[in-house]
1. Mind ranking 259-270, 21-32, 301-312, 45-56 by how tightly packed they are, going by the mean number of other C-beta atoms within 10 angstrom, highest first?
2. Over region 302-397, with a single point scatterer placed on each C-alpha, what log10 of the ratio I(q)/I(0) does the Debye formula yield at q = 0.16, 0.22, 0.23 1/Å?
3. When the Cα atoms of region 224-310 are enclosed in a convex hull and the volume is divided per residue, what value in Å³ results?
4. Based on the Cα coordinates of region 166-242, what is the per residue volume of their convex hull in Å³?
5. Work out, in µm²/s and without decimals, the Stokes-Einstein translational diffusion coefficient of region 342-384 at 4 °C, 1.567 mPa s, Rh from Kirkwood over C-alpha pairs.
6. Can you give the angle from 0 to 90° between the axis of helix 64-75 and the longest principal axis of the chain, with both taken from C-alpha atoms, to the nearest 10?
7. Could you list, bin by bin from short to long, the percent of Cα-Cα pairs of region 28-83 in 10 Å steps?
8. Which peptide among 493-500, 316-323, 69-76, 273-280 comes first, and what is the full order, when sorted by highest mean count of other Cβ atoms within 10 Å?
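What follows is calculated from the coordinates using simple rules that are stated; it is not laboratory data. Quick caveat, the model's predicted, so the values are computed rather than measured. No Cβ is skipped: glycine too gets one built from the backbone with ideal geometry, and neighbour counts run over all protein chains shown.
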Ligand code: AMP
């Protein structure tokens, strides 16, 4: 028996004496050195009693050592459970209580706050600091730098990734070797990654985008990564000349565009820019092309499914769309139990080897979101246009139902975004005494612009049916976003919840 992920992604590093990770602060690390690190950590974790099927919860800064823990967990047949570094001890307590990992790995600075969490749920606490030191590295020192991976099947779990849980508690998405590997293989092929590629990696690795889309794809293709602890526009601009590809969230692109050093010359040699995790405004797509000559390739995925759709590599990359279903992935758009016609909005459902196995210890939640025929109900509303491109209209839970009518926030946002002085907008539903919910707009002002909420609403009045028109609006400097660049609509709904009822 084999270990599918380890064999495909980590084992081939044994023949790579060349650089794998380019680390601006620390030089470079060869594939062989990285694999040896994986092996030493795996031996240390085995000694700490991490076995096949056990979970290891990891809340640490991004570093080569942190990425190696993923490899070590895979080698041991364990289940890797990365956690957002922003989570507080109380939040971590929930995840550890739910997943009951054998090991909780955290930054040394958080050890005293998390010791109680580990004790309460029977986990062993180990540390790993941003500079690669800590009790895990101490235990790994002197361990053998080779490891025979634990045999695993394609259906065995490799990772448990918690959803961001903006409504209700986060749920642990169970991802198998097949889920992760099949998706990485498809993306390497579709996006033409080869060993000649140097991926600029500035995404966090506690999320599916940076961990699986970026890291797995690069590792599988035999390429290199410029592995940065986070995104800093100035640093990225300095390093782009060494890269061939970059993956980012939309905010990476808007921040790069804010910097006049982003020019056609700077990125003329680049092969590919990918965006995902949140909608890329068509305007950003167009401005990026005008400035650099590159059309950003937008794709769509989620924690539970890895990637589902992508704009084409060769064909037209259509702004404001997420392209076509990936090979092997089926996408259908459903309303009232039937697939909708072209151009109509419905719930996006997906089926394929990428789709997770269900939510950890929440069979009833899994049953609510998984159809009997294997399609997963994504919670995203979408539409397929006449050319087959899929458009994401928004999360179903963000749909506004006002006086019995459905309003898709995206439709209103697209119009508001065109108004002079509006940088971007978020449309939400707020409790309203007459309509149940009323449409409300939060407008982010363009830098230096004078913007009046009422004037902005007046500007779109003729272009929208009355029930879709926002009944109130505020102007803010920036929309609140999480680390993955998603606008936090739940937070906005909470902030303005009394607007129409006070
Ligand atoms: P997460 O599980 O944190 O990766 O979030 C997944 C959600 O992000 C999806 O269900 C979508 O709502 C959203 N998302 C991801 N990619 C895109 C995209 N390209 N355009 C619009 N929304 C996206």
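1. Numbers: 259-270: 13.7, 21-32: 15.9, 301-312: 24.1, 45-56: 18.1.
The most tightly packed comes first, giving 301-312, 45-56, 21-32, 259-270.
2. Each listed q corresponds, in turn, to -0.65, -1.17, -1.26.
3. On the way: hull volume 8.7 nm³, N = 87.
So the per-residue Cα hull volume is 100 Å³.
4. Numbers: hull volume 8.5 nm³, N = 77.
Dividing the Cα hull volume of region 166-242 by its residues yields 111 Å³.
5. Working: Rh = 11.3 Å.
This corresponds to a translational diffusion coefficient of 115 µm²/s.
6. In the chain, helix 64-75 runs at an angle near 70 degrees to the longest axis.
7. Pair shares across the bins are 27, 56, 17, 0.
8. Descending mean neighbour count gives 69-76, 273-280, 316-323, 493-500.
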